[in-house]
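Student: Here it is, the structure in full.
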Amino acid sequence: MARPKPLEQEAKMRILFADDETNLQELVRSEVPRMGYAVTVCPDGLTAVAALEKEAFDCMIVDLQMPGLNGLQVIERAAQLRPEMDTVIMTGNPSQETAIAAVQFQVFDYLTKPCRLADIAGLLGRVCERRQSRRQVAALEHRVRRAEGETRLIGEHPSMHETARLIERVAAAESTVLIRGETGCGKELVARSLHEHSNRASQPFVAINCGALPENLIESELFGHCRGSFTGADAARTGLFEMADGGTLFLDEIGELPLSMQAKLLRVLETGDIRRVGDNETKHIDVRVVCATHRDLDQMVHDGEFREDLMFRINTFEVRVPALRERSSDIPLLASHLLKRFRPETEGQPDELFAPETLRLLAEHVWPGNVRELANVIEHSAILCDKLPILPEHLPRHFSNRQLRKELRSSGPISLRDLEMHAIEEALERHDGNKPAAAAELGISLKTLYNKLNAAVDSKAG
């Protein structure tokens, strides 16, 4: 039988094996290197601790019953010396006491003795997969941080100071947090800030938009699946909960989860146990869950669209992120911050970055898309502007339309039809000509929008 190979990205994963059985020691010493791993074999607990003091290992497999120091004493010492190391226990007599100790020291997995070589190979394969997932998440986080810059809340408005104070208070706790706010107001930024100010800051931060997941794949995405568990499952997959083990899982747009998945999520939050699709065994994970939504969950509970018990479970602590229009005084500060992101050469530049008229137009805008919309506007302007400051002509066209409408009003009376058409043109501009989206924003049917556009064309033709 072909032996499982460690993942190619894992270069000689270092294994510490501690057991007092001579036959098992020889088996591991001769066979584990053939699987592609480096192994150090120790005959007792004292020798294992001495090895840990001298060098670092990626994984430790330790027997619970050994002379000198027993397995749990070795694990306790290893948690102090090598907290980043994955630990596996071996036992011939599993007990509730053993299980409690395993949870206490965050043991990754266990082997029941007598164990076969195939059991050890499969276990080390799972350790490899877990470590690879951690590296992928860390690499992704690094790219995100490099692209987005430092995770910090920008704003001097009192509402932002209050939000920052709430984050500081709740970050150190292990409570689940529900972040409420309109689309584009910065809910993920708040979640990242919670993570980075918590005791889990060195562990993974994994984010997922629940509304972007196909309903038939949600369970697999969150909990993972075994190979062959359903059509198309050609390989085993680690779920997002496992990827976030030890860190924070951010479930954005939690209100979009179907009721069937809400029940499964509730169980995970209550027990800390997950089960991959197609697997009969559960796995305990240590994850802090932060949720966010722009929807009215209280109304959804009333309408039977969201479970009340899940609502109570995720809403241990609530943070509300204000809409941009509620803190319009922060717009100049935000605009400057965003421009420096898109044009790094402006950092520290003493000259004005925006003309006064440009800032006035930005302040007058309603910002239905909040900070995300402001970021798009600033990026658009940064591309068009060759030499600072940013002028009104560098802003998207719907800002020019607003300025034109103001000039029309100042020059004399303007008809209701003209005002209506200006509103329609701005909505179409914001949605890049998408008529259904513009109609939804304006609160009219698509048929009504077409009728008004056709009427405007007929009026100009006449």
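The values are calculated or read from the model by the stated rules, or taken from the named source; none is laboratory data. Owing to the predicted nature of the structure, the values given are computational and were not obtained by experimental measurement. Virtual Cβ from ideal backbone geometry, glycine too; neighbours counted across all protein chains shown.
Student: Under 6 Å between Cβ atoms, at least 6 apart or on separate chains: pull out the pairs that start in the range 145-161 with a residue that is more than 17 Å from Ala207 (Cα to Cα) and at pLDDT 90 or above and end on any residue that is small (Gly, Ala, Ser) and exposed (fewer than 14 other Cβ atoms within 10 Å of the Cβ).
Tutor: His157/Ser329
Student: Sort through Ala244, Ala233, Ala172 and tell me the only one that's touching a Ser or Thr at 6+ places or on another chain (Cβ under 7 Å), in contact (Cβ under 8 Å) with a residue 12 or more places away in the chain and hydrophobic (A, V, I, L, M, F, W, C). Full working, then the answer.
Tutor: Working: Ala244 fails: touching a Ser or Thr at 6+ places or on another chain (Cβ under 7 Å); Ala233 fails: touching a Ser or Thr at 6+ places or on another chain (Cβ under 7 Å).
After ruling out the rest, the residue left standing is Ala172.
Student: Across the range 41-88, what is the total count of residues that are in contact with a Gly (Cβ under 6 Å, 6 or more places away or on another chain) and surrounded by 19 or more Cβ atoms within 10 Å (Cβ to Cβ)?
Tutor: 7
Student: While we're on this one: Can you report the number of residues in the range 28-41 which are outside any strand (DSSP E or B) and either free of Cβ contacts under 8 Å to residues at least 40 places away in the same chain or more than 42 Å from the chain's Cα centre (by Cα) (or both)? Talk me through it step by step, then tell me what you get.
Tutor: Step one: of the range 28-41, the residues outside any strand (DSSP E or B) are 28-37.
This time we only want the ones that are either free of Cβ contacts under 8 Å to residues at least 40 places away in the same chain or more than 42 Å from the chain's Cα centre (by Cα) (or both), so: 29-30, 33-34, 36.
Of the residues in that region, 5 qualify.
Student: Are any residues in the range 211-256 among the polar types (S, T, N, Q), farther than 23 Å from Cys291 by Cα and surrounded by fewer than 15 Cβ atoms within 10 Å (Cβ to Cβ), and if so, which ones?
Tutor: First pass over the range 211-256, keeping only residues among the polar types (S, T, N, Q): 216, 220, 229, 231, 238, 248.
From what's left, farther than 23 Å from Cys291 by Cα: 229, 231.
Passing the criteria: only Thr231.
Student: Could you give me the residue pairs with C-beta distances under 6 Å whose first residue belongs to the range 1-24 and is modelled with pLDDT of 90 or more, whose second residue is of a type in the set (Phe, Trp, Tyr) and surrounded by 19 or more Cβ atoms within 10 Å (Cβ to Cβ) wherever it lies, and which are 6+ apart or on separate chains?
Tutor: Once the first residue is modelled with pLDDT of 90 or more and sits in the range 1-24, its partners that are of a type in the set (Phe, Trp, Tyr) and surrounded by 19 or more Cβ atoms within 10 Å (Cβ to Cβ) give Arg14/Phe57; Ile15/Tyr37; Leu16/Phe57.
Student: Based on what the data block shows, is Glu379 under 30 Å from Ala173 (Cα atoms) and at pLDDT 90 or above?
Tutor: Working: under 30 Å from Ala173 (Cα atoms): no; at pLDDT 90 or above: yes.
For Glu379, the condition - under 30 Å from Ala173 (Cα atoms) and at pLDDT 90 or above - is not met.
Student: If Glu318 meets every condition in (1) part of a loop (DSSP other than H, G, I, E, B); (2) in contact (Cβ under 8 Å) with a residue 60 or more places away in the chain; (3) of a type in the set (Asp, Glu) apart from one, which number is that one?
Tutor: Evaluating Glu318 over (1) part of a loop (DSSP other than H, G, I, E, B); (2) in contact (Cβ under 8 Å) with a residue 60 or more places away in the chain; (3) of a type in the set (Asp, Glu) leaves (1) as the failure.
Student: Could you check how many residues of the range 249-277 are in a helix (DSSP H, G or I) and either of a type outside the set (Lys, Arg) or touching a helix residue (DSSP H, G or I) at 6+ places or on another chain (Cβ under 6 Å) (or both)?
Tutor: Taking the range 249-277 first, the residues in a helix (DSSP H, G or I) are 254-256, 259-271.
Now restrict to residues that are either of a type outside the set (Lys, Arg) or touching a helix residue (DSSP H, G or I) at 6+ places or on another chain (Cβ under 6 Å) (or both): 254-256, 259-263, 265-266, 268-271.
Residues in the range 249-277 being in a helix (DSSP H, G or I) and either of a type outside the set (Lys, Arg) or touching a helix residue (DSSP H, G or I) at 6+ places or on another chain (Cβ under 6 Å) (or both): 14 in total.
Student: So, of the residues in the range 100-137 that are exposed (fewer than 15 other Cβ atoms within 10 Å of the Cβ), among the aliphatic types (A, V, I, L, M) and at pLDDT below 80, which turns out to be nearest to Phe342 (Cα to Cα)?
Tutor: Residue satisfying both the conditions and the ranking: Val103.
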